[in-house]
Amino acid sequence: MNLKDISLEIRGPVAVVRLCRPAKRNALSDGLIAEVRGVFENLPETVRAAVLDGEGDHFCAGLDLSELKDRNAGEGLHHSRMWHSALEQVQYGPVPVIAALHGAVVGGGLELASACHIRVADESAFFALPEGSRGIFVGGGGAVRIPRLIGVSRMTDMMLTGRVYNAQDGERVGFAEYLVPKGQASEKAFELALRVAENAPLTNYALMHALPRIAEQPADQGFLTEALMAAIAQSAPEAKDRVRAFLEGRAAKVAKV
Ligand code: 1HE
């Protein structure tokens with residue numbers, strides 16, 4: 001795939017995917033959204049985890065507002081669905097994705113970050129949903145994914161009042177799982193990606209594809225799906241090897257922190 005606004009670097013088992021439109025604060029044009037989808041659809045089979053970050057001072061300024069033309073309702077529907085399919089490819093693609101966040105993580109940029117599996121924010125990060133002030137609504141899956149991170153009430157507040165969360169408060173409410181000093185988000189995300197890449201592929205598959213769906217199921221169905229996924233994962237030869245290694249004292253114990 002010919003990439004114009006994304007750089008893709010394969011570093012061992014990790015793909016580093018970088019939004020590269022810094023002059024426009026990595027605003028997500030239709031072309032860039034298509035590239036996001038294409039990159040995650042076509043990752044080499046050797047890749048086991050990915051890092052998603054942004055070039056320049058900001059992770060992403062959201063939807064490219066210069067493309068927000070007079071769409072009729074049908075065109076608006078299809079535009080939003082195009083975002084959905086691209087961000088689904090991030091969430092339900094081949095490998096776990098760790099977002100490295102700095103500067104603006106706003107609007108569609110926050111929707112993109114919320115489709116990732118782990119988020120690392122540095123101290124410069126800030127989170128907002130300016131859609132509320134621009135007279136529009138989220139359209140990239142944010143109405144589904146963001147309340148799962150921070151709750152419906154906090155998202156409603158952000159959109160009604162234009163509230164901006166700084167990095168510390170963003171981590172506290174659930175926008176990020178890790179908070180690191182300014183400039184260190186990509187490095188930390190890469191370190192985590194290397195760790196994630198060491199897991200048995202079926203474990204990562206279960207966490208990406210089964211866990212979020214189990215969380216949406218009624219409890220009795222969730223218990224059954226969990227049991228099926230557990231049975232499949234533990235039947236893999238790799239799981240047997242790993243358990244045997246622990247029992248024979250060859251694998252690391254869980255270390256107290
Ligand atoms: C843009 C965009 C954009 C910057 N679309 N061009 N998102 C927003 O409402 C956020 C709008 N952006 C901002 O609030 C600020 O640009 C930032 C806080 C992100 C960065 O500020 P700063 O001072 O570093 O940059 P800047 O001078 O504002 O912007 C630099 C250039 O990027 C400038 O263009 P230039 O040609 O004058 O140099 C800006 O116009 C351009 N730029 N952000 C287009 N978003 C699926 S639905 C999702 C709905 C949404 O995401 S709505 C929220 C949109």
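The values are calculated or read from the model by the stated rules, or taken from the named source; none is laboratory data. For clarity, every value in this text was computed on a predicted model and none was experimentally measured. Quick reminder, even Gly has a Cβ in these numbers, built from the backbone with ideal geometry, and neighbours come from all protein chains shown. What goes into the accessible areas is simple: the full protein's heavy atoms, side chains included, and nothing from ligands, DNA or RNA. Shrake-Rupley method; radii C 1.70, N 1.55, O 1.52, S 1.80 Å.
Assorted remarks:
- The residues in the stretch 53-63 that are touching a helix residue (DSSP H, G or I) at 6+ places or on another chain (Cβ under 7 Å) and either free of Cβ contacts under 8 Å to residues at least 60 places away in the same chain or open to solvent by 10 Å² or more (accessible area, probe 1.4 Å) (or both) can be counted, and the count is 5.
- Close pairs (6 angstrom Cβ cut-off, 6 or more residues apart or separate chains): of a type in the set (D, E, K, R) in the stretch 128-146, open to solvent by less than 50 Å² (accessible area, probe 1.4 Å) and not in a loop (DSSP other than H, G, I, E, B) anywhere: ARG145/SER114
- Residue tally, condition β-branched (Val, Ile, Thr), touching a strand residue (DSSP E or B) at 6+ places or on another chain (Cβ under 9 Å) and either in a helix (DSSP H, G or I) or not assigned by TED's automatic domain parsing to the domain that holds SER114 (or both), over the stretch 139-169: 1
- Number of residues in the stretch 95-134 that are small (Gly, Ala, Ser), within 15 Å of the ligand (Cβ to nearest atom) and under 16 Å from the mean Cα position of the chain (by Cα): the value is 8.
- Matching residues, the stretch 175-206, being surrounded by fewer than 16 Cβ atoms within 10 Å (Cβ to Cβ) and within 14 Å of the chain's Cα centre (by Cα): GLU177
- The residues of the stretch 138-159 that are more than 15 Å from the ligand (Cβ to nearest atom) and at negative phi, listed by number, are PRO147, ARG148, LEU149, ILE150, VAL152, SER153, ARG154, THR156, ASP157.
- Residues (open to solvent by 60 Å² or more (accessible area, probe 1.4 Å) and either free of Cβ contacts under 8 Å to residues at least 12 places away in the same chain or not assigned by TED's automatic domain parsing to the domain that holds MET159 (or both)) located in the stretch 67-110: LYS69, ASP70, ARG71, ASN72, ALA73, GLU75, LEU77, HIS78, ARG81
- Close pairs from the stretch 183-200: first touching a residue at least 12 places away in the same chain (Cβ under 8 Å) and more than 16 Å from GLY103 (Cβ to Cβ), partner assigned to a helix (DSSP H, G or I) and open to solvent by 30 Å² or more (accessible area, probe 1.4 Å), Cβ under 8 Å, at least 6 apart: ALA200/GLU238; ALA200/ARG242
- Among the residues making up the stretch 8-25, those that are over 16 Å from the mean Cα position of the chain (by Cα), open to solvent by less than 50 Å² (accessible area, probe 1.4 Å) and under 22 Å from GLU67 (Cα atoms) are CYS20, ARG21.
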